[in-house]
Amino acid sequence: MQFILNENIIKTDLHPGFLLLDFIRYEQNLKGTKIGCREGDCGACTVLIGELIDGEIKYKSATSCLTPIGNVIGKHVVSIEGINGEILNPIQQAMADEGATQCGFCTPGFVVSLTGFCINKKTHTYDNAISAIDGNICRCTGYKSIERAAQKISTLMLEKEDNHTLEDLIEKKIIPSYFSTIKEQLSNINNPIEKLINPKHKFIGGGTDLYVQKPEKMTDEAAHFSIHHKDLKGILITKDEIIMNGACTVSELIESVEFNAYFPSFAQHSKLVSSTPIRNIATIAGNIINASPIGDFTIFFLALNAQLQLSDGVENRKIALKDFYKGYKQLNKNENEFIEKISIKIPTKNSLFNFEKVSKRTNLDIASVNAAISILLDQNTILDAAVAVGGVGPIPMFLSKTSAYLIGKTINEQLILEANEIAQMEILPISDTRGSSEYKRLLVRQLIIAHFNKLFPTLSVEKLICAL
Ligand SMILES: Cc1cc2nc3c(=O)[nH]c(=O)nc-3n(C[C@H](O)[C@H](O)[C@H](O)COP(=O)(O)OP(=O)(O)OC[C@H]3O[C@@H](n4cnc5c(N)ncnc54)[C@H](O)[C@@H]3O)c2cc1C
Ligand code: FES
Ligand code: FES
């Protein structure tokens, strides 16, 4: 196995499931990358992962505590040591000048994430700088000083906004000069895993569920790294369908111009799901297979009537996502089958879609209840409808009766009240740490109203709320 860590080519025979964080700290003795939570929450372990795509290196931030080294084969991993120079770089200087570091434990993670912001081709606005650090937590500073540092870095980048090349960043001393040699080095690394596909092995996508749930087991399990398999990568848009391959990540969808043309609110909805470094590595297939009753993308795609293409490496079959869940964490899938593709129909100009999520914190929290709806309209009449809700049953729920009830009806306040009554009969919430069953029932009511309020702003929400 080969990859580049900072300036050095790494060759290792360690198990590919070995954690990148442990490799960096204990095999390479680079202690700048910190261990906070080991669950993807704090960002102290953030690194950049650079991948050669169409002849250019694309860097993304990632949590090394959830990334197996198998996922970085043939890539460039940058830890804080790979950013350090003789003197503080402009990001480190801004953090120091603004008092954005106190105990310093979180600081390497923030600096790495902000470096990712600078390398990234997105516009270097202050808002984008803040988004880049949405996966980093600081216990000391109260964030205002970090926000000021982010503002300074954004201003520096905006000075020459049309020039984003690595050379420009090297000239600005944001990254060291060795970055200019990485592209050539990466093109010489061969990736043997790419050719392997053994459906009997455990599939690993981003590892953001697997390494939270069973990190110890992952270092001796026979694994298949889906992100290395060419046929499982990327998104395909045909005349009728949007097809996400089995290793398509959340960030790939967010960044897909075509996908966003059809779902302009997707990027905004996705901001409510995990954080930038998690979205950069987490796959949609991983979310669906995890079968969490509150999986956000599962609910999203349930309401879009997604179809799965499962394969055992030889044969494949199609199944509707709504028929995929048989019971709590029980899937309509054979042991050897993996998700090859997830497809949805291309929406027409009369299609409407909305997603809502309620959690204790707005960001970086799992839902108490989430909900999505898609509607096909003809004037004021519903031709087709699909409603999905999470957190109110043992599986991510497709509300088939509520969906069927809406079809053929005219949109008005009374219809929403009636649909709500049917939804209440379909759901089975239990009381747990995310709320009592009564609270979750209330949330389902409110979220269904919220859908219609967003999609049909002329409806009288006050009238609806008073009627409840
Ligand atoms: C800090 C943090 C915050 C999070 N926040 C949210 C949130 O807000 N909402 C939410 O829904 N989730 C959240 N998650 C959960 C997680 O990020 C998602 O479920 C993610 O989509 C999982 O994808 P993955 O590729 O990382 O899965 P992995 O961990 O790689 O795999 C998960 C499961 O899917 C299987 N698998 C992966 N790919 C395939 C395939 N192609 N075919 C068959 N099986 C496959 C694996 O074997 C495993 O059983 C969060 C996780 C973390 C760590
Ligand atoms: S150690 Fe906290 S996110 Fe990795
Ligand atoms: S400076 Fe102490 S955790 Fe951020």
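Coordinate-derived values only; no laboratory data. Worth saying up front: this structure is predicted, and the values here are computed from it rather than measured. All Cβ positions, glycine included, derive from the backbone under ideal geometry; neighbour counts span all protein chains shown.
Per residue, the average separation of C-alpha pairs within less than 8 Å and at least 6 apart gives the chain a relative contact order of 11 percent.
Residues R434, R361, R139 in ascending order of nearby Cβ atoms (within 10 Å, fewest first): R361, R139, R434.
For segment 1-85, chymotrypsin sites (Phe, Trp or Tyr not before Pro) are listed when DSSP marks them as loop and at most 13 other Cβ atoms sit within 10 Å of their Cβ; the list is empty.
Applied to segment 3-11, the Karplus parametrisation 6.51 cos²θ - 1.76 cosθ + 1.60 on θ = phi - 60° returns per-residue 3J(HN,Hα) values of 7, 10, 10, 6, 8, 10, 6, 10, 10 Hz, with x for Gly and Pro. In a simple Cβ point-charge model (Lys, Arg +1; Asp, Glu -1; nothing else charged), the chain has a dipole of about 760 debye relative to its Cα centre. By the count of neighbouring beta-carbon atoms within 10 Å, fewest first, C45, C138 end up ordered C138, C45.
Filter the GluC sites (Glu not before Pro) in segment 81-149 down to the DSSP loop ones having no more than 16 other Cβ atoms within 10 Å, then list what survives.
Sites meeting the loop and neighbour criteria: E86.
Put a plus charge on the Cβ of each Lys and Arg, a minus charge on the Cβ of each Asp and Glu, and nothing anywhere else: the dipole of segment 1-135 about its Cα centre is then about 160 debye. Annotation for segment 36-72 versus segment 75-118: alpha-carbon center distance of 15 Å.
If we count other beta carbons within 10 Å of each Cβ, what is the order of M218, M244, fewest first?
Fewest-to-most ranking of M218, M244: M218, M244.
Across segment 364-371, computed HN-Hα scalar couplings (Karplus, 6.51 cos²θ - 1.76 cosθ + 1.60, θ = phi - 60°) run 6, 8, 7, 6, 7, 9, 10, 7 Hz from first to last residue, x flagging Gly and Pro. Taking every alpha-carbon pair under 8 Å whose residues sit at least 6 apart, segment 1-127 reaches a relative contact order of 30 percent. Taking θ as phi - 60° and the Karplus parameters 6.51, -1.76 and 1.60, the scalar couplings of segment 410-427 work out to 8, 6, 7, 4, 4, 4, 5, 5, 5, 4, 4, 4, 5, 4, 4, 7, 7, 8 Hz in sequence order, x denoting glycine and proline. In the chain, taking the dipole from charged Cβ atoms about the Cα centre, the farthest positive-side position among S131, F338, V77 is held by F338. Summarising the amide proton neighbourhood of E241: residues at separation of 5 or more, or on other chains, whose placed amide H is nearer than 5 Å comprise I346.
Residues whose amide H comes within less than 5 Å of that of D134, counting only those at least five positions distant or on another chain, are T276 (H built at 1.01 Å from N in the peptide plane).
Checking every one of the GluC sites (Glu not before Pro) in segment 313-364 against DSSP loop status and a limit of 13 other Cβ atoms within 10 Å picks out E315, E335. Compactness ratio for the chain: Cα radius of gyration over 2.2 N^0.38 Å (N = residue count) comes to 1.02. The long axis of helix 107-119 is offset from the longest Cα principal axis of the chain by roughly 80 degrees.
About the Cα centre of segment 230-467, how large is the charge dipole given +1 on each Lys and Arg Cβ and -1 on each Asp and Glu Cβ? Please answer in debye to the nearest 20.
Numbers: 25 positive and 24 negative charges, 68 e Å.
With Lys and Arg at +1 and Asp and Glu at -1, about 320 debye.
For the chain, the longest principal axis of the C-alpha atoms and the axis of helix 437-455 are separated by about 90°. Note on the chain: dipole from Cβ charges, positive end direction compared against S460, P347, S180; the farthest Cα belongs to S460.
Think of the chain as having a plus end and a minus end, set by charges on the Cβ of Lys, Arg, Asp and Glu; of A385, L88, V314, A385 sits farthest toward the positive end of this dipole.
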